[in-house]
Amino acid sequence: MPKEDEWISVKEVMPIFAGYAVLATLENIYGQRRVEKVFTGYGCGKQWYCNNKCIDMEKWKVIAWQELPETYKGE
């Protein structure tokens with residue numbers, strides 16, 4: 001299992017659960033990158049979905065992902 005805060009290339013391994021939320025590094029055709037929370041789709045993780053309506057997932061591809069961080073526990 002990867003360490004916390006470690007990016008995993010989609011070429012190495014994909015999340016194994018459908019509907020699984022992860023942080024993803026997205027890249028467009030111009031090489032621009034951004035980080036978004038995305039969800040894996042059904043069908044062996046071949047499709048990704050994003051709730052941010054400003055992101056057209058047809059124009060951005062997921063190149064790496066990592067587990068979501070733990071929530072803040074307080075003091």
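Some observations on this one:
- Evaluation of Asn28 against the conditions (1) more than 17 Å from Glu58 (Cβ to Cβ); (2) more than 11 Å from the chain's Cα centre (by Cα); (3) at pLDDT 90 or above shows that the sole unmet condition is (1).
- Residue check, Val10 over 20 Å from Glu70 (Cα atoms), within 11 Å of the chain's Cα centre (by Cα) and of a type in the set (A, V, I, L, M): yes
Residue-wise test of (1) surrounded by 10 or more Cβ atoms within 10 Å (Cβ to Cβ); (2) on the phi < 0 side of the Ramachandran plot; (3) at pLDDT below 90.
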residue: Lys3; (1), (2), (3): no, yes, yes
residue: Ile8; (1), (2), (3): yes, yes, no
residue: Lys37; (1), (2), (3): yes, yes, no
residue: Asn52; (1), (2), (3): yes, yes, yes
residue: Trp60; (1), (2), (3): yes, yes, no
residue: Glu75; (1), (2), (3): no, yes, yes
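The values are calculated or read from the model by the stated rules, or taken from the named source; none is laboratory data. All values derive from a computational prediction rather than experimental measurement. No Cβ is skipped: glycine too gets one built from the backbone with ideal geometry, and neighbour counts run over all protein chains shown.
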